[in-house]
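The values are calculated or read from the model by the stated rules, or taken from the named source; none is laboratory data. Note that the coordinates shown come from a computational prediction; the quantities given were computed from them, not determined experimentally. For neighbour counting, all protein chains shown are included, and Cβ atoms are generated from backbone atoms with ideal geometry for every residue, glycine included. The accessibility values were calculated without ligands, DNA or RNA, using every heavy atom of the protein model including side chains. Shrake-Rupley method; radii C 1.70, N 1.55, O 1.52, S 1.80 Å.
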Amino acid sequence: MQLVELKIYNHEKEIRTIRFRKGMNFILDTTRSPSDELITGNNVGKTTTLALIDYCLGGGAQNIYADSETKKNNEKVKEFLYDKKIIVSLSISSSVDDKNPEYILKRNFLNAKNKIMKINEVDFPNLDSYKNELKIILFPDFINPKPSFRQLIASKLRYKDERINNTIKFLNQNVTSFEYETLFLTLLGMPSEDSQDKDKIKKAINKELIYIKKLQSKQTKTEYETLLNATNKEISYLEDEKKSLKINENFLDDLTELNNCKYELNKNKREYSNLSIKLKLIEEVLEELRQQKTEIDTVELRDIYDETKKLNIAVSIEFEKLVTFHNEMIKNKSDYISAEVPDINNRMKELKGNIDKLLLVEEDLINETSKYVSYQDIEEIISKLNTSHTNKGEYETYINQITDSEKTYEILSKQMDSLNEKLHSEEYKANLQKQIGKFNEFYNSISNQLYGEKFYLKYEIGKDRKTEKEYYKFDAFNENFGNGKKQGEIIAFDLSLILFSIDINIATPKFILNDKKELMDIKQLEILTSLLKPFDIQLVISILSDKLSTCLIEQKLNVLVLNENDKLFRIEQYDKI
């Protein structure tokens, strides 16, 4: 498949259409300062053009409006894409010369019901289904789930830093060594179910290792086993102590009887005390009455009586009778007050008897209950047993979980070893080396034409740091690489990969996107342009115009020219378009 056309538009107007060609396709930035010097880093959209192609191929929108270094959004561009409901379409076909492209890929930047994600006007509900269809279109020979479409297409879309600067490790940092192994075995025409399984098993092994580490974050398995052993001993000791206890089965009844006894005892004591106070008060009153009877002054009383007579005041009673009356009144009062004394004494005697009996009963009950352990003591032991059993259950759960996870790890590890026996057999290695030899024929040829040096692809047997399992580790090598030569190494690798795929009849996209080729020497760019002519391959490069030689300019290889006054999205000129 080749790139035919990239279109930026909405339902109101067409903003820009880019037609691609065979061979070299330059996206030029021609912005110059007032002093006629080329300005760099002015965000006119040359790299964004590559990001738009990537977006149509399942990439992320943030690559279009977010700065690759600061990660901050260009709010002006983002707002334009959303508010103007911009649509990006990419036409691809078996040949760039096809007048009716086989596939038209469309996407916009809206969400939910306003989202556009189509291939030949067929809607796709989500990005995964969209990418799965793209894999069928662009890599029909690779039917296995892994490598994913985005992994396979990555080497064709080199405009982000990790792809620009790395020949082999061009995927994101989260990709495992086993995924790289699967990717390159597939690209070299040796896809294997075993390599697919290796990546799955490796992830499963890592999952178990993480789980085991998490389970042992507080204590190790050995420490849990030590704690469990100590807890079992503690439970045994507490059970023995519980069995040795003398338990009074009637303890609660005895305790209730004792409490009742104490209540009655206190009740009798309070009544006895109250009667004692009352009796004492009666005795004090009687004493006062006795004193009133004996201390009366009869002489003084006689004088008062005689004086009353002299005043001719009639007195109806004789003096002696008056005295008798006074004494009888005191006696009657005394008799009335002292009348309840016998009852009080009798009640106090009865209460004293009750108190004495209750004291004896209390003493017997206290002695009876003290012979046995209290329920409080029993509850304390049971509480300790419950705590110990809870701890035991927790320790056993951790130990069982760790043990199960270790067993799973062992099973997975054996499966990985079994797969490695197949993938790392001498026969398989010989076939792999044969395929690498074929690839290196193209790699040597292109690199030799570019630099007069031969670049190579090789493999070594690596060992995964976490799982300690072996894998094929691929690398490109040559001595004395400069930064510019590194860019040549990468583009030579990508071209060789396409030519190798064609040679072994594996369907592959016949285009490469590249950014920052200013680091390559102008001479190498000229050679690269000539190299492409015999091959049906497209190379789309975004570059500053002053990096092109007169020879390249005269060939009119540019498919898009941008500058400060004519940026990619033409936001400032939108209303005039």
Legend entry - Close pairs (6 angstrom Cβ cut-off, 6 or more residues apart or separate chains): more than 17 Å from residue 53 (Cβ to Cβ) and open to solvent by 40 Å² or more (accessible area, probe 1.4 Å) in segment 5-31, among the aliphatic types (A, V, I, L, M) and assigned to a loop (DSSP other than H, G, I, E, B) anywhere: 13/577
Legend entry - Single unsatisfied condition, residue 134 versus (1) surrounded by 12 or more Cβ atoms within 10 Å (Cβ to Cβ); (2) part of a loop (DSSP other than H, G, I, E, B): (2)
Inset, instruction - Report the residue count in segment 83-101 for those that are open to solvent by less than 70 Å² (accessible area, probe 1.4 Å) and either at pLDDT below 95 or of a type in the set (Phe, Trp, Tyr) (or both). - result: 5
Inset, instruction - Hey, can you tell me all the residues within segment 185-212 that are at pLDDT 90 or above and either touching a strand residue (DSSP E or B) at 6+ places or on another chain (Cβ under 8 Å) or of a type in the set (Lys, Arg) (or both)? - result: 185
Legend entry - Qualifying residue in segment 432-439 (condition: outside any helix (DSSP H, G or I), open to solvent by less than 40 Å² (accessible area, probe 1.4 Å) and either charged (D, E, K, R) or in contact (Cβ under 8 Å) with a residue 24 or more places away in the chain (or both)): no
Inset, instruction - Can you run down the residue pairs with Cβ atoms below 6 Å, 6 or more apart or on separate chains, where the first is in segment 326-340 and part of a helix (DSSP H, G or I) and the partner is of a type outside the set (Gly, Ala, Ser) and open to solvent by 70 Å² or more (accessible area, probe 1.4 Å)? - result: 327/293; 330/292; 330/293
Inset, instruction - For residue 236, state whether it is modelled with pLDDT of 90 or more and within 21 Å of residue 59 (Cα to Cα). - result: no
Inset, instruction - Show the residue pairs that are 6+ apart or on different chains and have beta-carbon atoms under 6 Å apart, the first residue being within segment 496-519 and in contact (Cβ under 8 Å) with a residue 60 or more places away in the chain, the second being open to solvent by less than 10 Å² (accessible area, probe 1.4 Å) and among the aromatic types (Phe, Trp, Tyr). - result: 500/439
Legend entry - Residues satisfying the stated conditions in segment 416-427, i.e. free of Cβ contacts under 8 Å to residues at least 60 places away in the same chain and either assigned to a helix (DSSP H, G or I) or within 19 Å of residue 457 (Cα to Cα) (or both): 417, 418, 421, 424, 426, 427
Legend entry - Boolean, residue 490 is assigned to a helix (DSSP H, G or I) and not hydroxyl-bearing (Ser, Thr, Tyr): yes
Inset, instruction - Please indicate, with yes or no, whether at least one residue in segment 56-71 is basic (Lys, Arg) and either within 30 Å of residue 536 (Cα to Cα) or assigned to a helix (DSSP H, G or I) (or both). - result: no
Legend entry - Residue tally, condition modelled with pLDDT under 80 and open to solvent by less than 90 Å² (accessible area, probe 1.4 Å), over segment 368-415: 10
Legend entry - segment 214-244 - residue that is hydroxyl-bearing (Ser, Thr, Tyr) and in a loop (DSSP other than H, G, I, E, B) and, of those, nearest to residue 377 (Cα to Cα): 220
Legend entry - Qualifying positions in segment 500-539 - in a helix (DSSP H, G or I) and more than 22 Å from residue 557 (Cα to Cα): 500, 501, 502, 503
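Quick one: which residue in 88, 77, 96 is over 30 Å from the mean Cα position of the chain (by Cα), of a type in the set (A, V, I, L, M, F, W, C) and part of a helix (DSSP H, G or I)?
One residue alone meets the criteria, 77.
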